[in-house]
């Protein structure tokens, strides 16, 4: 893919030529190894206040992309630009200071929450780490955010196992947004939830985006979900970006055969392209 240039004022996050390679055991007894490119020259850009969906089947590289964007996994090469800074070149305190503006909502709303911590501690942990506000101000912010995502002040004293899957994902969202980030990477945030709960969480994410001027990178394998939340779509296959464009262009005039196959797999999808 060609390099994506940062357009000041309109583009908030840019990734250029990302490469991430893993070593995978191979051979009859697993004594050999082969290199697998999870990201193979991937370039994307996220417009301010918009949602960029990254779609593809399992193993396409989309979750690796999510983690590399936030530097939760190191890149082999490439650059991730946020506010003009290359995150791939930051470390320690410099990276932490930028990270409060870049948060993540994880796929599994139970595994991503520490079962030994109370909800108030989970949601407020980021405020504590970054030293944002006094103890009283931190508690006030935690309570406000819990209420905004549909929970209560009393829920602060409970543990994750006392909540349903949808409620746990609301906790995960509160934890990410209490820091007032500018970019939120959502890694399959509704895939583990019932369909009826999925709709509630998607609506909540859209409302919060409008209220807080958030920009989302939304990772998903489910094109039905993506249709309801995305502005732009990147299609990935085997570590490569095979197609990208607006929601309308991707759904109604897909150019790549892989994209067409993904769309054809949606139950009840009426195909409008030739």
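Scanning the stretch 206-233 for residues that are in a helix (DSSP H, G or I), out of contact with any helix residue (DSSP H, G or I) (no Cβ under 7 Å at 6 or more places or on another chain) and within 27 Å of residue 253 (Cβ to Cβ) yields 206, 209, 224, 226. Candidates are the residues of the stretch 6-35 that are loosely packed, with under 12 Cβ neighbours inside 10 Å and outside any strand (DSSP E or B); the one that is modelled with the lowest pLDDT is 8. Among residues of the stretch 200-217 that are without any contact (Cβ under 8 Å) to a residue 40 or more places away in the chain, those with a Cβ under 6 angstrom from a residue that is crowded, with 19+ Cβ neighbours inside 10 Å, sequence gap 6+ or separate chain, pair up as 201/169; 201/190; 202/229. Pairs linking a residue in the stretch 22-45 that is closer than 19 Å to residue 243 by Cβ to a residue that is assigned to a loop (DSSP other than H, G, I, E, B) and modelled with pLDDT of 80 or more, with Cβ atoms under 6 Å and 6 or more positions apart or on different chains, are 37/239; 38/61; 38/239; 39/61; 39/239; 40/239.
Scanning the stretch 47-77 for residues that are in contact (Cβ under 8 Å) with a residue 60 or more places away in the chain, out of contact with any helix residue (DSSP H, G or I) (no Cβ under 8 Å at 6 or more places or on another chain) and in a loop (DSSP other than H, G, I, E, B) yields 48, 50, 58, 59, 60, 61. Scanning the stretch 176-199 for residues that are out of contact with any strand residue (DSSP E or B) (no Cβ under 8 Å at 6 or more places or on another chain), in a helix (DSSP H, G or I) and within 26 Å of residue 139 (Cα to Cα) turns up nothing. Of all residues in the stretch 93-105, at least one satisfies being surrounded by 21 or more Cβ atoms within 10 Å (Cβ to Cβ) and more than 29 Å from residue 262 (Cβ to Cβ). Number of residues in the stretch 234-251 that are in a strand (DSSP E or B), free of Cβ contacts under 8 Å to residues at least 40 places away in the same chain and over 15 Å from residue 217 (Cα atoms) equals 2.
The values are calculated or read from the model by the stated rules, or taken from the named source; none is laboratory data. Fair warning: this is a prediction, and the values are worked out from it, not measured in the lab. No Cβ is skipped: glycine too gets one built from the backbone with ideal geometry, and neighbour counts run over all protein chains shown.
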